[in-house]
1. Suppose the filter is within 13 Å of the ligand (Cβ to nearest atom), farther than 22 Å from E229 by Cβ, buried (at least 16 other Cβ atoms within 10 Å of the Cβ) and in contact (Cβ under 8 Å) with a residue 24 or more places away in the chain; does D345 pass it?
2. Hey, does the stretch 267-280 have a residue that's away from the ligand (no atom under 11 Å from the Cβ) and without any contact (Cβ under 8 Å) to a residue 24 or more places away in the chain?
3. Taking the conditions exactly as written (at pLDDT 95 or above and surrounded by fewer than 24 Cβ atoms within 10 Å (Cβ to Cβ)), does P240 satisfy them or not?
4. Considering the stretch 1-34 alone, what residues qualify as being in a loop (DSSP other than H, G, I, E, B) and open to solvent by 20 Å² or more (accessible area, probe 1.4 Å)?
5. Can you confirm whether the stretch 343-356 contains a residue that is modelled with pLDDT of 95 or more and farther than 29 Å from E173 by Cα?
6. Return the total of residues in the stretch 241-279 being closer than 23 Å to N315 by Cβ and in a loop (DSSP other than H, G, I, E, B).
7. Could you check how many residues of the stretch 281-318 are open to solvent by 80 Å² or more (accessible area, probe 1.4 Å) and within 16 Å of the ligand (Cβ to nearest atom)?
Amino acid sequence: MLDGRRILLIISGGIAAYKSLDLIRRLRERGAAVRPVMTAAAHQFVTPLSVASLCEDKVYGDLFSLTDESEMGHIRLSREADLVVVAPATADLIAQMAAGLAGDLAGAVLLASDKRVLIAPAMNAMMWAHPATQANLATLAARGVLRVGPNAGDLACGEVGAGRMAEPLEIVEAIERCLGGAGRLAGRRALVTSGPTREPIDPVRYLSNHSSGKQGHAIAAALAAFGAETILVSGPTHEPTPAGVKLVAVETASEMLAASEAALPVDVAVMAAAVSDWRVATVAPQKLKKDGKGAPALPLVENPDILATISRRRNDRPALVVGFAAETANVVANAQDKRLRKGCDWILANDVSPGTGTFGGDRNTIHLVDGAGVEDWPAMTKHEVAQRLAERIATALGPAAR
Ligand code: C5P
């Protein structure tokens with residue numbers, strides 16, 4: 001998919017640099033040529049030998065090297081690429097970019113480049129949140145520098161928060177998007193729902209679930225990478241909005257349904273949200289108080305089924321409607337039943353029993369149920385599931401009419 005594309009990869013000095021080795025592998029697998037530049041600090045984290053071996057190219061790093069400059073000057077280095085990727089992009093390198101400093105080869109290449117630049121930041125959460133870093137990022141964004149991540153989670157420094165470099169496959173997807181993607185869904189419109197919904201009980205409490213939005217967001221990212229105009233209707237999540245995707249943020253199931261209907265017509269709808277089945281019949285206008293008479297009764301009413309509603313639209317039903325089935329037993333049989341009940345075309349069934357780590361985790365094992373039968377997919381990351389689903393959707397829809 002990246003056949004013949006030339007990526008200039010700048011590795012700066014952060015612990016996340018070890019993931020850059022995997023990133024190189026993933027890019028090479030997809031047919032890209034990767035030319036590496038390492039900062040001096042990057043040498044403290046990964047060896048130039050590893051980087052050079054994986055890239056099958058020499059590592060550039062010295063602005064003042066006579067041989068480097070005679071063979072491949074920093075100007076040419078920056079121009080002979082389809083995309084410049086900085087992964088990891090440390091707080092220091094981001095500051096250097098924002099200030100336009102060219103004191104080393106990485107800085108000089110970035111300043112001299114006329115190519116699009118994608119950064120994958122990685123740093124401690126406090127460094128990420130610092131106004132200096134945020135101001136630098138705003139400067140870069142205003143200049144059109146693209147960004148993937150960072151994600152929230154455990155950080156190498158032992159703290160928890162935003163600052164983990166995006167995973168290599170997320171960076172690959174971002175690169176594919178930057179390079180125009182495969183274009184297989186160009187001219188198509190896609191709707192994806194993602195995340196949980198939040199059903200209020202009173203002004204401070206709500207009913208919800210543990211959905212992270214990881215799978216839905218990854219699907220939206222993949223469809224956008226394939227060139228589809230993608231609308232992502234999402235409940236509250238910590239996931240970054242994928243580049244190139246139009247986010248409609250909602251809270252309740254009713255809002256999610258309204259936003260999904262407003263997105264029509266689309267060619268494909270993928271309903272990956274974990275919609276609360278019920279909501280409280282009457283939302284208390286004031287915070288419910290303990291009044292000594294025991295717990296309040298909270299009668300529930302059923303929420304609209306978004307998947308079923310979209311599947312049964314008369315005039316503007318999407319050509320392809322895909323639902324999910326999170327099951328803890330009889331996964332495939334329940335999914336077959338659900339497909340018929342909901343009226344959708346495909347169901348992606350997955351086992352979410354405790355111990356599988358699917359909910360909130362990074363991996364998923366899918367059984368795709370359609371009218372023809374069942375396709376068992378091997379265990380893979382949620383990004384790989386998204387990629388495979390996007391490919392399947394592109395095949396099913398075929399090229400858009402011009
Ligand atoms: O009925 P169940 O919740 O198991 O169905 C799961 C599928 O239906 C998912 O695709 C989910 O996004 C969708 N769904 C929906 N609206 C609801 C409930 C589920 O779109 N109210």
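1. On the way: within 13 Å of the ligand (Cβ to nearest atom): yes; farther than 22 Å from E229 by Cβ: no; buried (at least 16 other Cβ atoms within 10 Å of the Cβ): yes; in contact (Cβ under 8 Å) with a residue 24 or more places away in the chain: yes.
Here the answer is no, as D345 does not meet what is asked.
2. Scanning the stretch 267-280, I find no residue that is away from the ligand (no atom under 11 Å from the Cβ) and without any contact (Cβ under 8 Å) to a residue 24 or more places away in the chain, so the answer is no.
3. no
4. M1, D3, G4, R5, G13, I15, R30, G31
5. Yes, the stretch 343-356 contains at least one residue that is modelled with pLDDT of 95 or more and farther than 29 Å from E173 by Cα.
6. Qualifying residue count, the stretch 241-279: 4.
7. 3
This table checks each residue for (1) away from the ligand (no atom under 13 Å from the Cβ); (2) open to solvent by less than 80 Å² (accessible area, probe 1.4 Å); (3) over 28 Å from the mean Cα position of the chain (by Cα); (4) of a type outside the set (A, V, I, L, M).
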{"site": "L320", "(1), (2), (3), (4)": "yes, yes, no, no"}
{"site": "A325", "(1), (2), (3), (4)": "no, yes, no, no"}
{"site": "A349", "(1), (2), (3), (4)": "no, yes, no, no"}
{"site": "S353", "(1), (2), (3), (4)": "yes, yes, no, yes"}
{"site": "T356", "(1), (2), (3), (4)": "yes, yes, no, yes"}
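The values are calculated or read from the model by the stated rules, or taken from the named source; none is laboratory data. Computed from a predicted model, the values in this text were never measured in an experiment. Note that each Cβ is placed from the backbone with ideal geometry, even for glycine, and that neighbours are counted across all protein chains shown. Keep in mind that these areas ignore ligands, DNA and RNA; they rest on the heavy atoms of the full protein, side chains included. Shrake-Rupley method; radii C 1.70, N 1.55, O 1.52, S 1.80 Å.
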